[in-house]
Structure formats: C-alpha cells, structure tokens
Amino acid sequence: MALHSAVSDITERIVERSRATRSAYLAQLDSDSKRAPSMDRMGCANIAHAVAGMPPNDKFKVVTERAPNIGIVTAYNDMLSAHTPLQSYPALIKDEARKHGATAQVAGGVPAMCDGVTQGTSGMELSLFSRDVIAMGTAVALSHDMFDAALMLGVCDKIVPGLLIGALQFGHLPTVFVPAGPMPSGLPNKEKARVREQAAQGLVGREGLLDAELKSYHSPGTCTFYGTANSNQMLMEAMGLHVPGTAFVAPGGALRDELTREATRTALGIIKSKRFAPIGQIVDERAIVNAMVALLATGGSTNHLIHWVAVAHSAGIVIDWNDFSALSDVVPLLTHVYPNGSADVNQFQAAGGTGLVIRELLDAGFMHEDVLTVRDGGIREYTREPALDGSASSVLVWHDAGNSKDETIVRPVARPFSPSGGLKLLRGNLGRSVIKVSAVPDDRHVIEAPARVFDSQEALHVAFNAGELERDVVCVVRWQGPQANGMPELHKLTPPLAVLQGKGFRVALVTDGRMSGASGKVPAAIHVSPEAVAGGPLAKVRDGDVIRVDALSGELNVRVAEAEWAARPVALMPDDLCQRNGIGLGRGLFAGMRRSALTAEEGAQSWL
C-alpha cells in the first residue's frame, strides 16, 4: 500500500524543518561511531576501574578477547509495580550474554516515580521534570563509554521518554528497550471510576474507596488502563525499539523471561552482523511519525504531545502540535481501551494487540514501512505476536496477529471507531491547547459557559464541595505550567467534574497544566501555552467571562470584546503559590528546571 498522501506530506515538512538540526545530530553520531573501540582508546587505569567489579571470566572476555559488552540502564525499584519485575532482568541478560560470548554490566540506575502515588500531592510537581533527570541519569550511566550496545529497562510515564532522550545522546549505540508487561486485570476501570465519583459526592467513604483502589492496583506489572505508561509501550513497538510484540506480555512467566533474553540476543545480533542500526539512525523522521500515528490511532495519552516533542528534539528532529493535529485529521481511531472504552490492555492484547494495530496502519498506508528497526525484518516483524513453541527448549516463535478477536476493543481500518484520531489542537485568544476527544461524548465536543477561575486544584475541590459549581461552567485552573510549578497532572479534578457532567451540566476544564493519561470523558483544554506565569492569556481571565471550547472548529476563545481584552491587565501568580512552589519536599532542587523550562509545545525541555 502506498503511503497516505497526508502522512507523506507531513513527514516531508518535518524533514525540511529539521534539515539543519538533524544533519548536525547525524554528524555527531557519525563522529562517535568512528572512534576506536574502548579497549584501544581508553587508558589502562580507566579500563581497570571499569572491569574491577566483574567476575574473572567476564573480565577476561572484555580485556583479552575484546568481547561485546552491553550496558544496562535500569529503572528498577520495588515502589513501582510496573518496575518491580525488572529486579531479575540483569541476571537474565548477563547469563544470555555469556552464552553468546559477550558480557553485560548494569551501567546505572535511574529514578522512577509513580504519578499514581503522587497524584494530587506535592510530589507531582517533580513529576514532569523527573523525565529530564532520568535522561541525565541515563547519560551518566552510559558516560563510562565502555559499551558496544545498550538495553533500557523501564516502563512508565516519564521513564521511557527519559531513557529514550538519554539514549539518543549516545545515538551511535545499538539500543533495545525492555519492558515488563501489565499486571493481571483487577477491578474493571469503569467500576473504579464510578466509585471515585461516588466518593467525590460523599456517597462512599474512605474505606470503600481504598478497597476499590486496592482491587484495581494489586500486583506487579503496569496499571492496566491505557494511560501514559501503556502508550509508551505502543510507541516503542511502532518505532521498532522493542523485541516485536513485547509490550503487553504479562510479567513473571516463561514467555516474558525469554523475551528479555531475546532483547539481549537482538542487541548482540546488530553488533555481530555489523548491521548499522544504532538508535540515532532508527529514530529518524519516519519513526517519529510512526509513533505519532500509533498514538493517535489508539487514543493514547496526551502527555506524549509534550514528551515526543522532546524525544524528537533529542534526535535533531523538530515537531509541533500542528503535526499531531494534521495527522489526527486523517488517522482513524482503531481501539477502545479505557479511558476510551471499557476494556483494559490485557483485553486489548487478547483481541489482537499491538501487532494488529501496526499491521492495519501499515496496510492502509498510515505508517512508514521503509524504516530501520532493531530487528533484521524491519517494522513488518511488529505485526506479529510472540509465543513459546512448547518444546523442552522453549523456543520463541512469532505468528500473525490475525483478525480482531473483539471489535468492541480493536477494529480494522475499514471499520474504525472514528475516521480521525482522538486529539485536537485548539487555538484562539486564550492561546494554543490540546484536547483529547476520543472518550468525550459527541454532545460535549463544544462547551460554552461562564468561567470560574481557580489558582489551584485544591481551590476547585473546595468550591465543588461547597456546591458552588452546580451549573454550566468552564473551570479555569491556572499557574500549573512548567515554569510555575513543574506542570503537575490534575487527575484529581476528574471525579468532581465528571459528577457535574453526570448531573447534566455542561462542564469543561481549561488549564496550563496536564491531565492524566487516564483522563477521558470530561472535555479538557490542557497544556495551554503560553502559560499564565509567563504572561499567557489565562492570567487575564476573570470569573464570569464566557469561554468557548470547541473541539469541532478547534476554537479556544474567551468572549470578551477585543479592545477590553487587550487593555485588561495580566494577573500575577499569588505570593503564597510562589513561595509554596519554591520550597519543601524536594521542590527547591527543581527551581532551575522551572526557570529554564520551555513551553509545553516545545516539550517543556529544561536542558536547553
């Protein structure tokens, strides 16, 4: 199938826009790849330090035999259910490397925080910038420069983008990403949301709410809704950076262990075959577009409209929200996975999973097929699902994903849930914003109502509990951007706003903050740029101003006369918020990041 004309045109625009920066990146990659092997260019003391902790046989392989050495960067901790399974991975990787005459070392660990733990707390104000810390931690780990390839062990929200940004600083290395898989299905996501809404109304107490949450998040593995963490895994498949079909295989079983070993074999295969497939070459303009298409076709997390801008920039590629919007206009929505439906990722996997989606998109010309991946067979390998052959040796085999096993969850391109993707760009006198509409009811795509302005999400909760929002209302929550307080997710606002919507009121949220990848049915114009603290238009809005959020026309406007709006003064962030954002619970260490952060549309990057 020929590439869709719109996908081709958008890719060409990105290529042209990125010509200078991509060329500079590739020149650096070429320079790094032409250096002598580490054993030839490093001093004897450097080498001795690098191998001092290795077992004697591994040390002999590295020093004498010049065997390939794999650097492992891991996000393991046992605070995060998604990363708990990673504890056993280094041992598997080292064992597999030795079987193939190679070695592996844990080059370093990176922090990994959970938005589910920090949601609505001070810790959430560190969340977005933890991505940049992870990227820097990855660079520190690989800076020992003793490696012929790398394996990235990580799963969740900021962790995969951070690992990817860091790995792209060492773009000359073959690099494979290694996930852990989702936990078994627990309490259905819709039931969990219902209990949360009841709790917001005081109909369920803390004990009942805690019981529901414990039944939802109950064992090692990724949370089972299709939020940012699981969107990460879809995008890694679409970019060809996984072992094919790895994303949603459950942790702890023989298949998952063998896939981890296969990741080791895949990295070594690139080295030994001398196939030129470093990560900096794999992540090109076409791969970035493939990731964007996969995100849109699955109704993935809005957080990636920030993260993938930063990822692309790290490979010398310039993308913006116009590109996402233009792709969303033509890419069909193929999945209904919570919050865009009732199914979870385990049900999605059983219905056909990533392989089916990628095959459908390739066959219909929505994805580039002529791309480099970590596998010899290219992106077509990612249309297949892995299994063990049942023999005593448990050999990995792959089979075509076949047709959808449940078209209420995943559909072919010929019968999509929607002819366009789930994200829309909004523009107007309130700035630029994005809205996720894949889970929003059709009759809620346009909301026009008086504004109620809040300086924090806590203030909105107070107003809700006092019954002050029992009407049509557009809730404006400002001072939530990257420079203000690190751009926390505002997922705690979903239950009260959903309650108001359920009562029949026409409700929307407008904010320069983020919403969780799990947010859905309440229309939310998020990531508003420029943010209020930088003098953005949200700093002018007053209670009672009529705001129109129109996902059909792409409008985000306040209905105030142009002359009056131009003359209206820009409010300043209240002193108590300025003081709170700067100190306490680790936030002071991130002051420099807040000061230097770019806009959300520029990826909120803090290192430029």
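The values are calculated or read from the model by the stated rules, or taken from the named source; none is laboratory data. For clarity, every value in this text was computed on a predicted model and none was experimentally measured. Methodologically, a virtual Cβ is constructed for each residue, glycine included, from the backbone with ideal geometry; neighbour enumeration extends over all protein chains shown.
See the values below:
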| item | result |
| --- | --- |
| Residues satisfying the stated conditions in the range 565-588, i.e. assigned to a loop (DSSP other than H, G, I, E, B) and more than 18 Å from Leu128 (Cα to Cα) | Arg568, Pro569, Val570, Ala571, Leu572, Met573, Pro574 |
| Search result, residues across the range 150-172 that are closer than 21 Å to Gln28 by Cα, buried (at least 24 other Cβ atoms within 10 Å of the Cβ) and touching a strand residue (DSSP E or B) at 6+ places or on another chain (Cβ under 8 Å) | Ala150, Leu163, Leu164, Gly166, Ala167 |
| Selection within the range 572-603 - in contact with a strand residue (DSSP E or B) (Cβ under 9 Å, 6 or more places away or on another chain) and small (Gly, Ala, Ser) | Ala600 |
| Odd one out for Ser438, checked against (1) hydroxyl-bearing (Ser, Thr, Tyr); (2) assigned by TED's automatic domain parsing to the domain that holds Gly227; (3) crowded, with 21+ Cβ neighbours inside 10 Å | (2) |
| Number of positions in the range 122-156 that are among the small types (Gly, Ala, Ser), in contact (Cβ under 8 Å) with a residue 40 or more places away in the chain and farther than 14 Å from Pro111 by Cβ | 3 |
| Condition check for Arg514: among the basic types (Lys, Arg), more than 19 Å from Ala439 (Cα to Cα), crowded, with 24+ Cβ neighbours inside 10 Å and not assigned by TED's automatic domain parsing to the domain that holds Tyr226 | no |
| Which numbered condition Leu305 misses (of (1) surrounded by 24 or more Cβ atoms within 10 Å (Cβ to Cβ); (2) within 21 Å of Leu153 (Cβ to Cβ)) | (2) |
| Wholly enclosed helices (runs of 4 or more DSSP H) of the range 115-221 bearing at least 2 residues over 30 Å from Gly101 (Cβ atoms), aliphatic (A, V, I, L, M) and at pLDDT 95 or above | 127-142, 159-168 |
| Filter result for the condition that a residue is free of Cβ contacts under 8 Å to residues at least 40 places away in the same chain and either among the basic types (Lys, Arg) or within 30 Å of Lys274 (Cα to Cα) (or both), over Val374, Val397 | Val397 |
| Among the residues listed as Thr260, Thr224, the single one being under 26 Å from the mean Cα position of the chain (by Cα), β-branched (Val, Ile, Thr) and at pLDDT 95 or above | Thr260 |
| Residues that are farther than 30 Å from Lys215 by Cβ, assigned to a helix (DSSP H, G or I) and under 27 Å from the mean Cα position of the chain (by Cα), drawn from the range 81-111 | Pro90, Leu92, Ile93 |
| Any hit, the range 377-393, residues being assigned by TED's automatic domain parsing to the domain that holds Leu577, of a type outside the set (Ser, Thr, Tyr) and in a helix (DSSP H, G or I) | no |
| Selection within the range 54-79 - outside any helix (DSSP H, G or I) and either free of Cβ contacts under 8 Å to residues at least 24 places away in the same chain or basic (Lys, Arg) (or both) | Pro55, Thr64, Arg66, Asp78 |
| Filtered residues of the range 347-361 (kept if surrounded by fewer than 24 Cβ atoms within 10 Å (Cβ to Cβ) and touching a helix residue (DSSP H, G or I) at 6+ places or on another chain (Cβ under 7 Å)) | Arg359 |
| Filter pass, Ser81 being crowded, with 22+ Cβ neighbours inside 10 Å, hydroxyl-bearing (Ser, Thr, Tyr) and under 17 Å from Pro179 (Cα atoms) | yes |
| Test: residue in the range 19-33 that is in a loop (DSSP other than H, G, I, E, B) and either within 34 Å of the chain's Cα centre (by Cα) or loosely packed, with under 15 Cβ neighbours inside 10 Å (or both) | no |
| The range 429-449, residues that are of a type outside the set (Ser, Thr, Tyr), out of contact with any Lys or Arg (no Cβ under 8 Å at 6 or more places or on another chain) and over 20 Å from Met487 (Cα atoms) | Asn429, Asp442, Asp443, His445 |
| Residue in the range 239-247 that is hydroxyl-bearing (Ser, Thr, Tyr), part of a helix (DSSP H, G or I), crowded, with 24+ Cβ neighbours inside 10 Å and in the same structural domain as Val155 (by TED's automatic domain parsing) present | no |
| Only one of Thr222, Thr266 that is crowded, with 21+ Cβ neighbours inside 10 Å, under 18 Å from Leu163 (Cα atoms) and not aromatic (Phe, Trp, Tyr) | Thr222 |
| Identity of the residue in the range 54-76, out of contact with any strand residue (DSSP E or B) (no Cβ under 8 Å at 6 or more places or on another chain) and not β-branched (Val, Ile, Thr), that ends up surrounded by the most Cβ atoms within 10 Å (Cβ to Cβ) | Lys59 |
| Single unsatisfied condition, Val476 versus (1) surrounded by 24 or more Cβ atoms within 10 Å (Cβ to Cβ); (2) modelled with pLDDT under 95 | (2) |
| Which listed residue is under 17 Å from Gly513 (Cβ atoms) and not small (Gly, Ala, Ser), from Asp472, Asp455, Asp406 | Asp455 |
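For every residue, the table says whether it meets (1) hydroxyl-bearing (Ser, Thr, Tyr); (2) modelled with pLDDT under 95; (3) on the phi < 0 side of the Ramachandran plot.
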| site | (1), (2), (3) |
| --- | --- |
| Leu423 | no, yes, yes |
| Gly431 | no, no, no |
| Lys436 | no, yes, yes |
| Ala439 | no, yes, yes |
| Asp443 | no, yes, yes |
| Val453 | no, no, yes |
| Glu458 | no, yes, yes |
| Val462 | no, no, yes |
| Ala466 | no, no, yes |
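Results for (1) modelled with pLDDT of 95 or more; (2) surrounded by 17 or more Cβ atoms within 10 Å (Cβ to Cβ), shown as yes or no for each residue.
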{"residue": "Leu327", "(1), (2)": "yes, yes"}
{"residue": "Gly341", "(1), (2)": "no, yes"}
{"residue": "Val345", "(1), (2)": "yes, yes"}
{"residue": "Val374", "(1), (2)": "yes, yes"}
{"residue": "Thr383", "(1), (2)": "yes, yes"}
{"residue": "Lys405", "(1), (2)": "yes, no"}
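Listed here are the residues, each with its yes/no results for (1) among the polar types (S, T, N, Q); (2) touching a helix residue (DSSP H, G or I) at 6+ places or on another chain (Cβ under 9 Å); (3) exposed (fewer than 13 other Cβ atoms within 10 Å of the Cβ); (4) assigned by TED's automatic domain parsing to the domain that holds Ser301.
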site: Val522; (1), (2), (3), (4): no, yes, no, no
site: Ile526; (1), (2), (3), (4): no, yes, no, no
site: Pro530; (1), (2), (3), (4): no, yes, no, no
site: Leu538; (1), (2), (3), (4): no, yes, no, no
site: Pro569; (1), (2), (3), (4): no, yes, yes, no
site: Asp575; (1), (2), (3), (4): no, no, yes, no
site: Gln579; (1), (2), (3), (4): yes, no, yes, no
site: Gly588; (1), (2), (3), (4): no, yes, yes, no
site: Leu598; (1), (2), (3), (4): no, yes, no, no
